[in-house]
Amino acid sequence: MRFSDYIIPVFIAGILIYGLIKKVDIFDEFTVGAKENLIAAFDILPALIALMTCVGMLNASGAADMLCSAVSPFLEKIGFPAECAPLAFLRPISGSGALAVYEQIISENGPDSFAGRVASVLLGASETTFYTIAVYFGAVKAKKTRHALPCSLAADLTAFILSALFVRVFFA
């Protein structure tokens, strides 16, 4: 067995020992935390359902494919692989959808191809922006995102562009 196999059991044992030393009712604290998280999950559920419905409609209508086809020539001119365009558009919206597109890119192009490497870096360097904003702003019941959405999308765009650049630099 490796050291890493023991990290979670040791962490849980540490929490239990700390609770015993501080004379805290661990089970009661656990149930209170679970209840609070269920309430938070219930509060953000409408935003998540709306987000998933929009993703499904975007894919089913063919709008996502049309958008990727329209911007592919421009992306190729700036050095971004056209195969990764669907991933770049879907990643800010849906993590599971982005993983499905990523798997398709890897299976069609291979993990050591330019598109495969860009997709790997892009997936690791970007965030599911709309999902994250829906969850966090929904949890605190914030109605206005102010600068959070434009700044997050700018960070995603930066990650998309730099993923292709860094793959070119490091794997030339």
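Would you please calculate the Kirkwood hydrodynamic radius of the chain over all C-alpha pairs and express it in Å, rounded to one decimal? Walk me through the numbers on the way to the answer.
Details: mean 1/r = 0.0525 Å⁻¹.
19.1 Å is the Kirkwood radius here.
Which whole-number percent gives the relative contact order of the chain, counting Cα pairs below 8 Å spaced six or more residues apart?
Across the chain, relative contact order equals 21 percent.
Only helices at least 30 Å long along their own axis, judged from Cα atoms, and with Kyte-Doolittle mean hydropathy of 0.0 or greater: name those in the chain from DSSP H. Before the final figure, lay out the partial values.
Details: long enough: 26-61 (50 Å, 1.15); 148-170 (31 Å, 1.73).
Helices meeting the criterion: 26-61, 148-170.
Determine, from the Cβ-Cβ distance of ALA155 and PHE27 and an R0 of 30 Å, the FRET efficiency 1/(1 + (r/R0)^6), rounded to the nearest 0.05.
The computed FRET efficiency comes out at 0.15.
VAL140 to PHE171: extension gain in nm, 0.36 nm per residue of separation minus the Cα-Cα distance? Please report the intermediate quantities before stating the final value.
Numbers: separation 31, 0.36 × 31 = 11.16 nm, distance 4.31 nm.
My answer for the length gained is 6.9 nm.
Determine, for the chain, the count of lysine pairs separated by eight or more sequence positions (or lying on different chains) whose alpha-carbon distance falls under 27 Å.
On the way: LYS22/LYS35; LYS23/LYS35; LYS35/LYS141; LYS35/LYS143; LYS35/LYS144.
Counting lysine pairs in the chain gives 5.
Please state the charge dipole magnitude for the chain, taken about the Cα centre, from unit charges on C-beta atoms (+1 on K and R, -1 on D and E), reported in debye and rounded to the nearest 20. Show your work: numbers first, answer last.
Details: 12 positive and 14 negative charges, 110 e Å.
So the dipole magnitude of the chain works out to roughly 520 debye.
Considering the chain as a Gaussian network with a 10 Å cut-off on Cα pairs, which listed residue, ASP65, ASP28, ASP156, attains the greatest mean-square fluctuation?
Looking only at ASP65, ASP28, ASP156, the biggest GNM fluctuation is shown by ASP28.
Pulled fully out, how much extra length does the chain show between LEU48 and ALA82, if you take 0.36 nm times their separation in residues and subtract their Cα-Cα distance?
Values: separation 34, 0.36 × 34 = 12.24 nm, distance 2.91 nm.
Here the answer is 9.3 nm.
Multiply the residue gap between TYR6 and GLU36 by 0.36 nm, knock off their C-alpha separation, and tell me the result in nm, one decimal place. Numbers along the way, then the final one.
Values: separation 30, 0.36 × 30 = 10.80 nm, distance 2.91 nm.
Result: 7.9 nm gained on full extension.
Rule-based calculations on the coordinates, nothing more; no lab input. Since the structure is predicted, the reported quantities are computational estimates derived from the model, not experimental observations. FYI the Cβ positions are ideal-geometry reconstructions off the backbone, even for glycines, and counts take in every protein chain you see.
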